[in-house]
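Only one structure is covered here, and it is reproduced in the block below.
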Amino acid sequence: MNHETLFSPARLGAIEVANRVAMAPLTRSRADTDGVQTPLAVTYYGQRASAGLIIAEATNISRQGRGYAYTPGIYTDAHVAAWKPVTDAVHEAGGKIVLQLWHVGRMSHASLQANGAAPVAPSAIQAGGNVFTEQGFLPPSTPRALATDEIPGLIEDYRHAAQRAKDAGFDGIEVHAANGYLLEQFLRDSTNHRDDRYGGPIENRARLILEVVEAVAGVWGADRVGLRLSPLSTAIGDTPLDSSPMQTHIYLARRLGELGIAYLHVVEGQLHGDKDAGDFDFQALRTAFGGAYIANNGYDRPTALEATASGRADMVAFGKAFIGNPDLVARLRQNRPLFDAPASAYFGGGAEGYTEFSLQKAA
Ligand SMILES: Cc1cc2nc3c(=O)[nH]c(=O)nc-3n(C[C@H](O)[C@H](O)[C@H](O)COP(=O)(O)O)c2cc1C
């Protein structure tokens, strides 16, 4: 096996990366109540700049898109001003960073919405699970179905956020169409019961994703737009699968390939579970797309070396491993042990468990 492949440069559309180790998007809930990043985020992302590509944490495209307290936004001047030093720090360290654009859809709570409004979704079906509010974890509120004539405004929110990400100095954007959030809610027939041009047959359920991609590609060029999918995951919102995951995702991947986007980023199997669980041909998905493929979910050194050396993936994204190992690329290269960061510091808090691990490492 050629161990060097994982550590060799690659190209995702117009984005050149120094190695094939990506940092997966990781919500850390350390922005302020208005979604403005603090200087800690500058340190945090700067520390991780040796990743070939940092996919910065899911970031709200609008107030309506928020589902979790203390998550960052990218729709006000203050958001842009706070992200700019983050992208500068990563670039000064020689890294690349794209921003994951997020609208949670029904995975929200009225307390996070303007004037306590109901969250929006393709259909008025309440999600399971919990969302993180300023009052702690609470079940998601019952959403209201978006009216057809609200969709252009929603697409405009994506376009606006994409422009603001450009203003903030990112190298591109990743459209979050995974993990039970708004765009995946439109894609799956389990969560989309609409009877307009955004519901029903797969061509309709994929329409919003494709229109969003076209809008943000108008800002960036398609070759700086990536997209994340999670065809088999039910983990967030206890979201039931689509009735035919292969057919649905193959159609979408083919259309995304025709649009010429930079990469497809896929959470294989069940998020926070087994990447090999379920019956799905991820290579067929990759072939249907035809462009660069970033594999994710439970990869370790041997499986990442294998995936890139065999050509099964162009890049592998690591999530949890990057939390406790800012120098993950060097550790993988030198086959050094990884530090397992405690989950208690994943969401919220300050420097400890984010940019520093002094307490845990000393313990
Ligand atoms: C603390 C934490 C926060 C996460 N936040 C996001 C996120 O903002 N966007 C996203 O698409 N996935 C998110 N995920 C999922 C990860 O990107 C990744 O898919 C998952 O951790 C599996 O990869 P891993 O086994 O390498 O950790 C998060 C996971 C964790 C543990």
Mind listing just one residue for me: the one in segment 259-269 that is assigned to a loop (DSSP other than H, G, I, E, B) and either near the ligand (Cβ under 10 Å from one of its atoms) or within 14 Å of the chain's Cα centre (by Cα) (or both) and, of those, modelled with the highest pLDDT?
Glu268
Residues of segment 254-265 being without any contact (Cβ under 8 Å) to a residue 60 or more places away in the chain and either crowded, with 24+ Cβ neighbours inside 10 Å or over 26 Å from Gly13 (Cβ atoms) (or both), in sequence order, are Leu256, Leu264
Considering only segment 189-197, I want to know if a residue exists there that is more than 15 Å from the ligand (Cβ to nearest atom), of a type in the set (Ser, Thr, Tyr) and under 20 Å from Gln126 (Cβ atoms).
yes
Looking only at segment 279-327, and only at residues there that are in contact with a Pro (Cβ under 9 Å, 6 or more places away or on another chain) and within 15 Å of Val266 (Cβ to Cβ), the one that is nearest to the ligand (Cβ to nearest atom):
Gly319
With the requirement that a residue be touching a helix residue (DSSP H, G or I) at 6+ places or on another chain (Cβ under 7 Å), surrounded by fewer than 22 Cβ atoms within 10 Å (Cβ to Cβ) and within 19 Å of Asn19 (Cβ to Cβ), what does segment 83-97 give you?
Ala89, Ala93
If you scan segment 104-134, which residues turn out to be touching a helix residue (DSSP H, G or I) at 6+ places or on another chain (Cβ under 8 Å) and over 22 Å from Ala147 (Cα atoms)?
Gly128, Gly129, Val131, Thr133, Glu134
Number of the exception - Thr148 against (1) loosely packed, with under 15 Cβ neighbours inside 10 Å; (2) out of contact with any Phe, Trp or Tyr (no Cβ under 8 Å at 6 or more places or on another chain); (3) not aromatic (Phe, Trp, Tyr):
(2)
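Yes or no, residue by residue, for (1) over 17 Å from the mean Cα position of the chain (by Cα); (2) more than 16 Å from the ligand (Cβ to nearest atom):
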| site | (1), (2) |
| --- | --- |
| Phe7 | yes, yes |
| Leu12 | no, yes |
| Glu16 | yes, yes |
| Ile54 | no, no |
List pairs: first residue in segment 210-235 and within 11 Å of the ligand (Cβ to nearest atom), second residue part of a helix (DSSP H, G or I) and of a type in the set (Asp, Glu) anywhere in the structure, Cβ distance under 9 angstrom, at least six positions apart or on different chains.
Leu229/Glu184; Ser230/Glu184; Ser233/Glu184
Of everything in segment 1-48, what is farther than 22 Å from Gly353 by Cβ and assigned to a helix (DSSP H, G or I)? Give them in sequence order.
His3, Glu4, Thr5, Leu6, Phe7
Counting only residues that are within 14 Å of the ligand (Cβ to nearest atom) and not in a loop (DSSP other than H, G, I, E, B), which one in segment 332-363 is nearest to Arg28 (Cα to Cα)?
Ala345
Kindly indicate whether Pro39 is surrounded by fewer than 18 Cβ atoms within 10 Å (Cβ to Cβ), in contact (Cβ under 8 Å) with a residue 12 or more places away in the chain and not small (Gly, Ala, Ser).
yes
Cross-chain or 6+ apart pairs with Cβ under 8 Å, segment 326-344 first and on the phi < 0 side of the Ramachandran plot, then modelled with pLDDT under 95:
Phe339/Phe357; Phe339/Lys361; Ala341/Phe357; Ala341/Gln360; Pro342/Gln360
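The values are calculated or read from the model by the stated rules, or taken from the named source; none is laboratory data. Everything numeric in this text was worked out from a predicted model, so none of it was measured. Backbone-built Cβ (ideal geometry, glycine too); neighbour counts: all protein chains shown.
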